[in-house]
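Below you'll find the structure, written out as structure tokens, and then a few comments.
Any read-out appearing in this document is the output of simple, stated calculations on the displayed coordinates, not a laboratory observation. Treat the numbers as computed from the prediction; the structure is a model and nothing was measured. Here the Cβ positions follow ideal geometry from the backbone for every residue, glycine too, while neighbour counts run over all protein chains shown.
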Amino acid sequence: MSPEAFLKLPQPVRFLLLGGLAAAINWLVRFPLSLVLPFPAAVFVAYLIGMSAGFTLYRAYVFPNSARPVAAQATLFLIVNAIGAVIVMAVSLVLLDHLLPAIGWRFLPEALAHGTAIGVGAVANFFGHKYLSFRAAPERAENLT
């Protein structure tokens, strides 16, 4: 599919597809990172890598017409993703340390905990990016007298 054809897809579809790609990058890079880092640190670094991919992809293909300056987009994107990182970390650790052991889950618990947490974080990020990071700046009313 060409970039032009991709841009004709509805915005939520583009967000989901590219968010899925960024999430896949996030999830996949955690595996090699876990070889050299503790699980929480690997989740955090993987999140940063996925977040960088997401900003680039969302800016180019999901919200290409945002009127906000790039610096404002990046700042808001970082704020939204910082909140998302807390959500992903909290959900990952609650699942890994409490919920999965409580139900006796033993098959790839870190992968399941992290993958589930990424999904929860994606929902929060969608709303944050749609209404904050890439929202078109409101037009200023002229001569309101």
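Among the residues of the range 28-45, write down those that are without any contact (Cβ under 8 Å) to a residue 40 or more places away in the chain and surrounded by 14 or more Cβ atoms within 10 Å (Cβ to Cβ).
29, 33, 37, 42, 45
What tally of residues in the range 98-118 results from selecting those that are surrounded by fewer than 13 Cβ atoms within 10 Å (Cβ to Cβ) and in a helix (DSSP H, G or I)?
Of all residues in the range 98-118, those surrounded by fewer than 13 Cβ atoms within 10 Å (Cβ to Cβ) come to 98, 101-104, 106-108.
From the residues that got through so far, the ones that are in a helix (DSSP H, G or I) too are 98, 101-102.
Of the residues in the range 98-118, 3 are surrounded by fewer than 13 Cβ atoms within 10 Å (Cβ to Cβ) and in a helix (DSSP H, G or I).
Restricting the search to the range 78-92, which residues are touching a residue at least 40 places away in the same chain (Cβ under 8 Å), out of contact with any His (no Cβ under 7 Å at 6 or more places or on another chain) and crowded, with 17+ Cβ neighbours inside 10 Å? It would help to see each step written out before you state the result.
Step one: filter the range 78-92 for residues touching a residue at least 40 places away in the same chain (Cβ under 8 Å), giving 79-81, 83-85, 88-89, 92.
The next check asks that each one be out of contact with any His (no Cβ under 7 Å at 6 or more places or on another chain); those that pass are 79, 81, 83-85, 88-89.
Those that are touching a residue at least 40 places away in the same chain (Cβ under 8 Å), out of contact with any His (no Cβ under 7 Å at 6 or more places or on another chain) and crowded, with 17+ Cβ neighbours inside 10 Å: 81, 84, 85, 88, 89.
Every residue in the range 1-27 that is among the charged types (D, E, K, R) and either touching a residue at least 12 places away in the same chain (Cβ under 8 Å) or buried (at least 16 other Cβ atoms within 10 Å of the Cβ) (or both), please. Quick ask: steps written out before the conclusion?
Taking the range 1-27 first, the residues among the charged types (D, E, K, R) are 4, 8, 14.
If the condition is that a residue be among the charged types (D, E, K, R) and either touching a residue at least 12 places away in the same chain (Cβ under 8 Å) or buried (at least 16 other Cβ atoms within 10 Å of the Cβ) (or both), then 14 is the only one that fits.
Which of the residues spanning the range 61-75 are hydrophobic (A, V, I, L, M, F, W, C), assigned to a helix (DSSP H, G or I) and within 20 Å of residue 21 (Cα to Cα)? Give the derivation first.
If we filter the range 61-75 for residues that are hydrophobic (A, V, I, L, M, F, W, C), which is where we start, we get 62-63, 67, 70-72, 74.
In the following step, the residues that additionally are assigned to a helix (DSSP H, G or I) were identified as 62, 70-72, 74.
Correct list: 62, 74.
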